[in-house]
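Contents: one structure, followed by commentary.
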Amino acid sequence: MDLLQRHIDGDMAAFGALMHRYQRELYNFLARFTGDAALAEDIFQETFLQLHISAGTFDMTKQLKPWLFTIAANKARDALRKNVRRQAAPLDAPVAGSTDERTSYADFIPADVVPPLEEIVNLEMRQSVQTIIDDMPENLRSVLLLCYFHEFPYKEIADILNVPLGTVKSRLHAAVRYFAKKWKSSQRAKP
């Protein structure tokens, strides 16, 4: 909050510090949400442009992070509506626009697992999970990502998505049910 107030007060370095503070977490959210690293980067920049433009309207008694993720989620939904749905990339596919050719989508998923090259056995599972998430309706996918990948409390998810708390709970329940159904179906289809 202090950084945002300093930015509003004209401290040029404060805005850069805000971007740096939220860069990794917000970019990772957007990359997962959109499935496109280049699009995630564009939305990240649009999000901070909107933050700059709207900084004076922010209620300083509230937390900045949920507001920032709300802006990002809205910008991501708008961008996805404009783009034709693209085919899902496997989690070990290189991320377009990355400065390191070895960076894959799996690098954005926080987990205490052995790197993909050492866990080739899990490649098919990761691809199946990513495909199910990519095919999930956007309203369910966003709740699932915010809850399980970013560990936001339900109340903050409700604020980010601008929906009632009960809607978050029902969408999360529906997302888990959707995922479980698709997962079981994909496992039965295996030889």
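Points to keep in mind about this one:
- The one condition in (1) of a type outside the set (Ser, Thr, Tyr); (2) modelled with pLDDT of 90 or more; (3) more than 19 Å from Leu30 (Cα to Cα) that Asn139 fails to fulfil: (3)
- Leu117 vs. criteria surrounded by 19 or more Cβ atoms within 10 Å (Cβ to Cβ), of a type in the set (A, V, I, L, M) and modelled with pLDDT under 90: no
- Residue match in the range 9-17 (condition: modelled with pLDDT under 90, buried (at least 19 other Cβ atoms within 10 Å of the Cβ) and either not in a helix (DSSP H, G or I) or not small (Gly, Ala, Ser) (or both)): no
- Residue list for the range 142-161, filter: part of a helix (DSSP H, G or I), within 15 Å of Glu25 (Cβ to Cβ) and of a type in the set (Phe, Trp, Tyr): Tyr148, Phe149
- Tallying residues that are among the small types (Gly, Ala, Ser) and either buried (at least 16 other Cβ atoms within 10 Å of the Cβ) or touching a Gly at 6+ places or on another chain (Cβ under 9 Å) (or both) within the range 139-185 yields 4.
- Scanning the range 39-69 for residues that are part of a helix (DSSP H, G or I), among the polar types (S, T, N, Q) and surrounded by fewer than 18 Cβ atoms within 10 Å (Cβ to Cβ) yields Gln45, Gln50, Ser54, Thr57.
- The residues of the range 2-55 include none that are of a type in the set (A, V, I, L, M, F, W, C) and on the phi > 0 side of the Ramachandran plot.
- So Arg81, is it surrounded by fewer than 18 Cβ atoms within 10 Å (Cβ to Cβ), outside the structural domain of Ser142 (by TED's automatic domain parsing) and touching a residue at least 60 places away in the same chain (Cβ under 8 Å): no
- From the list Arg6, Arg24, Arg32, the lone residue that is assigned to a helix (DSSP H, G or I), of a type outside the set (Ser, Thr, Tyr), surrounded by 13 or more Cβ atoms within 10 Å (Cβ to Cβ) and free of Cβ contacts under 8 Å to residues at least 12 places away in the same chain is Arg6.
- Residue satisfying condition, being at pLDDT 85 or above and either closer than 22 Å to Leu26 by Cβ or more than 17 Å from the chain's Cα centre (by Cα) (or both), within set Ala106, Ala89, Ala76, Ala93: Ala76
The values are calculated or read from the model by the stated rules, or taken from the named source; none is laboratory data. Source: prediction; values computed, not measured. Ideal geometry is used to build each Cβ from the backbone, glycine not excepted, and the neighbour counts take in all protein chains shown.
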